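Step one of this worksheet: look at the structure below.
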Amino acid sequence: MSIDPRRVGVAFAGAAAFINLYAPQAILPFMAQEFRVSAADASLVLTAGSLAVALTAPFTGVVSDVLGRKRVITAAIALLLIPTVMVAYAPSLHALIVWRFIQGLLLPPIFAVTIAYVDDEWPARDATGVVGIYASASGFGGFLGRFVPGILIDYIGWRGGFLVMAALTLLCLVMVLAFLTPEKQFVRATNLTASLRQMFQHVRDPKLIAIFAVGFGVLFNFMATFTYVSFHLAAPPFDKSAAFLGSIFIVYLGGSMLAPLTGVAVTRLGRRNFVICVLAVWACGVLGMLIPSVSVIIGGLLICATCGFLCQAASTSYVGISAEDGRSAAIGLYVMFFYIGGSFGAYVPGLAWEAAGWPSTVAMVIAMIAIMGVIVERTWEGKLR
């Protein structure tokens, strides 16, 4: 059986965005040391990227409704090379935050439009599985983005690591140009006003708002857990190195491998039942990370990564199914809520960390998982779809 080249293009588009978005996460404790700032202040490097994504995501879908999918995706990856290189030369924390913000502005035209491309080009019965491939590649990209700077910091420094990120981004651009075929099912919007009108209609849809709220929680939990576990493991009694902190993100590969199976699980269990089960397992994994054992903490991270990817794949594909019109606008809104959640998850738990350490961060994540569970139970449809 031949491989659909479009799936390869979708995979590299997802990797291109997530290679860059979370790259500072594993080395954040060492950035904080270099710039002599607190954990919460250093986390602004992550918050800047997430906030920029949230600001541009809703309008990315609107623009792509007019300009087309592949054109927007490839242009954004090409432009992303500029701030990715400039991050490596940032002379101060403030400059680093600015370039990270510019990076974030260019990411929604990649991943939000890629999801819209999938919803346009594949029938609903196949779209969830393709989104799973996208999520898998995104997870692998997220792993590389954290792993490479962490491993290279002892050899070429974190700045050299970001130059390697730029090279990987260039590779992704070449692969997307080669494999992501021009859209065939896309119906071009007649004007921006019509697409904006669809976006505002989505904001008034309670069903979509409930899905957006779950997306908020997913990235809040990811950012809170994976950002501050680095500070937790870098501090006594663990005192782990940057290379070790980068390597722990290999747990992302667990979620990446299972994400493509989301479509099968949703078909068998129903979307609501599946996500509630995933959230329950997620909570157990987070609680286990309170045990002061590196192996147990890594096991908890594996559970968190896997559950996060499964939840994300299920909720993202649900947006495309639930929005009958203006799908890219709906996906843009989902991405906005998702990354607003990431902005809060990067910074607010930092205040808790400064006040009471790792247990307070864990408590915050558990509370968010509980809120997500209530939303899914009360608002998501229970039928198999």
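The values are calculated or read from the model by the stated rules, or taken from the named source; none is laboratory data. Quick caveat: nothing in here was measured; it's all calculated off a predicted structure. Neighbour counts are summed over all protein chains in view; Cβ atoms, including those assigned to glycine, are modelled from backbone coordinates with ideal geometry. When the accessible area is computed, the model is the full protein with side chains, heavy atoms only, and any ligands, DNA or RNA have been set aside. Shrake-Rupley method; radii C 1.70, N 1.55, O 1.52, S 1.80 Å.
Looking across the stretch 260-292, the residues that are closer than 30 Å to Trp353 by Cβ and β-branched (Val, Ile, Thr) come down to Val275, Ile276, Val278, Val281, Val286, Ile291.
The residues of the stretch 123-154 that are surrounded by fewer than 24 Cβ atoms within 10 Å (Cβ to Cβ), within 16 Å of Ala167 (Cβ to Cβ) and out of contact with any Gly (no Cβ under 8 Å at 6 or more places or on another chain) amount to a single one, Leu144.
Only residues that are open to solvent by 40 Å² or more (accessible area, probe 1.4 Å), in contact with a helix residue (DSSP H, G or I) (Cβ under 7 Å, 6 or more places away or on another chain), modelled with pLDDT under 90 and not hydroxyl-bearing (Ser, Thr, Tyr) were counted in the stretch 155-184, giving 3. Each residue in the stretch 85-119 was checked for being open to solvent by 10 Å² or more (accessible area, probe 1.4 Å) and more than 19 Å from Val53 (Cβ to Cβ), and 8 of them qualify.
A residue that is at pLDDT below 80, of a type in the set (D, E, K, R) and within 22 Å of Val118 (Cα to Cα) occurs nowhere in the stretch 265-279. Anything in the stretch 122-151 that is assigned to a helix (DSSP H, G or I), within 25 Å of Gly68 (Cα to Cα) and at pLDDT below 80? List them, or say none. If the condition is that a residue be assigned to a helix (DSSP H, G or I), within 25 Å of Gly68 (Cα to Cα) and at pLDDT below 80, then Ala124, Arg125, Asp126, Ala127, Thr128, Gly129, Val131, Gly132, Ala135, Ser136 are the ones that fit. Of all the residues that make up the stretch 252-290, how many are open to solvent by 10 Å² or more (accessible area, probe 1.4 Å), under 20 Å from Val229 (Cα atoms) and of a type in the set (A, V, I, L, M, F, W, C)? Residues in the stretch 252-290 being open to solvent by 10 Å² or more (accessible area, probe 1.4 Å), under 20 Å from Val229 (Cα atoms) and of a type in the set (A, V, I, L, M, F, W, C): 6 in total.
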